[in-house]
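*Asks:* Take a look at the following structure, please.
None of the figures in this text is laboratory data; all of them are computed from the coordinates on show. Owing to the predicted nature of the structure, the values given are computational and were not obtained by experimental measurement. Here Cβ is always computed from backbone atoms with ideal geometry, including for glycine, and neighbour counts include all displayed protein chains.
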Amino acid sequence: MKNFLLDRVEVGAKVILKNIYFEFGKSNLKPESYAGLDNVVKLLQSNETIRIEISGHTDNIGSLKTNTKLSTDRAKAVVDYLVKKGIPASRLEYKGYAFSQPIAPNNTDAGRAQNRRVEFKVLSK
């Protein structure tokens, strides 16, 4: 299990959630995502005042409209999972950014794969 060192994480800091998987073109979480999400649950349970935004990101294949909906739906699926695990919805926000915040070039498969991600941003501690 990865330890999140929140003492070093400042408000506004972003953390990419690794090993979060969805069905292709859909917002259904795959079961292999649960372990990573359960780490976020533990983080939030042990830091009861923290508020976070879950953000969904896509590569640049497809339209902005389609990718905005997909990234929003995926971020919401993560929030829904966290709420189902007992995290108050009042501590969570979600937003889909489509392909507006790439972290790698979209001209290779590897770059596009890096851009398809879920992050959380610390809103308050």
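*Asks:* Compute the relative contact order of the chain as a whole-number percentage, counting only Cα pairs closer than 8 Å that sit 6 or more residues apart in sequence.
*Replies:* Relative CO of the chain lands at 37 percent.
*Asks:* Between residue 19 and residue 110, what is the FRET efficiency for a Förster distance of 25 Å, r being their Cβ-Cβ separation, to the nearest 0.05?
*Replies:* On the way: r = 17 Å, r/R0 = 0.67.
Here the calculated transfer efficiency is 0.90.
*Asks:* Of 54, 34, 103, which is farthest along the charge dipole of the range 13-124 in the positive direction, counting Lys and Arg as +1 and Asp and Glu as -1 at C-beta?
*Replies:* 54
*Asks:* To the nearest 20 debye, what is the magnitude of the charge dipole of the range 13-124 about its Cα centre, counting +1 on the Cβ of each Lys and Arg and -1 on the Cβ of each Asp and Glu?
*Replies:* It comes to approximately 120 debye.
*Asks:* If you project the alpha carbons of the range 13-124 onto the principal axes, what extent comes out on each, in Å, largest first?
*Replies:* Principal-axis extents of the Cα atoms in the range 13-124, largest first: 41, 27, 23 Å.
*Asks:* Another question, if that's okay. Top mean-square fluctuation among 95, 65, 14, Gaussian network model of the chain, C-alpha springs under 10 Å?
*Replies:* Fluctuation is largest for 65.
*Asks:* State, to one decimal in nm, how far the label point of residue 95 lies from the label point of residue 124, with both points 7 Å from Cα in the Cβ direction.
*Replies:* Going by the 7 Å Cα→Cβ label model, 1.6 nm.
*Asks:* Give me the extension gain from residue 26 to residue 61: residue separation times 0.36 nm, minus the current Cα-Cα distance, reported in nm with one decimal.
*Replies:* Gain on stretching residue 26 to residue 61: 11.2 nm.
*Asks:* Tell me which GluC sites (Glu not before Pro) from the range 29-125 have a DSSP coil assignment and no more than 13 other beta carbons within 10 Å of their own. Before the final figure, lay out the partial values.
*Replies:* Values: sites: 32, 48, 53, 93, 119; in loops: 48.
For GluC sites (Glu not before Pro) across the range 29-125 that sit outside H, G, I, E and B with at most 13 neighbouring Cβ atoms in 10 Å, the list reads 48.
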